[in-house]
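Right, one structure below, let's go through it.
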Amino acid sequence: MPVKSALKARIREAHPAITLARQEGLYIGIASHALALFNARGSSFTQTLTEYAATFPSIELKFTLPSLPSESVLRSVTEHTQLHFLWHFKALDLSLDEHHALPFFARPEWLAVVTALLEQAPERCTVILSLDRSIEYSEVLAATLEELAETMQPLCLAFEFEHGSWKKSEKLFAAVHVPILELDAPRLPGLIRPIRSTHKRIAILRLVGRNAKTWLKHQDEERFLYDYTNEEITVLTRRILALKDLSDNVFVTCASYPAASAHACAQRIAEAFVRQRIAETSLSA
């Protein structure tokens, strides 16, 4: 069988996103709000994830602190060994106590979540702490976040910043090898420009759309209402390739609204990469 035909046959055996994860360490998935597209009436969370895992290799599950995942959701890590889980925790406030500590992360309920992930599959779990756009940079807070990342090892803790002042932290987190999530967002005054990933093992890119008109709204359904154009998808694939040159594993989460938009974005990016690989194979054959 010709090389090109053999490659096409392998691609048909699995969804393009699954193929890319297995062969290249490129994990393309969607955020949890779009899981409803895989949820048949009466399906449990486990059944929904089983359906989802046939299409995408990673899933981002989002919680706004102090809300935390239930025991049944945490158990899904061991029940779905083919999935990589991005545990996304949004912090609306990160007030330090008199000891320059973050009290929430010393609570038993938070420590129980970390312990559960460590006991199950730390190599398939990445924790993302996302700071609300109202949280500004300070040297003390940055140092405290660095310490938090150290205490959670071997779990990988990545940070996401929105406020523009956090650009100052780029060298600090690069020096201690803490991943910073890159956010594809509209270019607006006061918002952080992407901090380029320098982490050798992992890079994370979240695609939430570029809707400048609704970005300052409070609800994600309004902020992230967007459909990426074909031209934007092409530019994003080049950006993802640049991340792959720097990191062994790249996670791309499509998190725009509505759910169908996130799903379509993930499919289009995966298919664009597979088309590119087929073209490269044809040229080298």
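The values are calculated or read from the model by the stated rules, or taken from the named source; none is laboratory data. These numbers come from a predicted model, not from an experiment. Don't worry about glycine lacking a Cβ; one is built from the backbone with ideal geometry, like all the others, and counts go over all protein chains shown. Keep in mind that these areas ignore ligands, DNA and RNA; they rest on the heavy atoms of the full protein, side chains included. Shrake-Rupley method; radii C 1.70, N 1.55, O 1.52, S 1.80 Å.
Worth pointing out:
- Test for Thr229: is it closer than 13 Å to Ala185 by Cβ, surrounded by fewer than 17 Cβ atoms within 10 Å (Cβ to Cβ) and among the polar types (S, T, N, Q): no
- Residue check, Ala203 modelled with pLDDT of 85 or more, outside any loop (DSSP other than H, G, I, E, B) and of a type in the set (Gly, Ala, Ser): yes
- Number of residues in segment 38-66 that are closer than 17 Å to Glu160 by Cβ and of a type in the set (Ser, Thr, Tyr) equals 2.
- Boolean, Leu241 is under 20 Å from Pro179 (Cβ atoms) and open to solvent by 30 Å² or more (accessible area, probe 1.4 Å): yes
- Residues in segment 28-72 that are open to solvent by 30 Å² or more (accessible area, probe 1.4 Å), assigned to a strand (DSSP E or B) and touching a Leu at 6+ places or on another chain (Cβ under 8 Å): Thr64 only.
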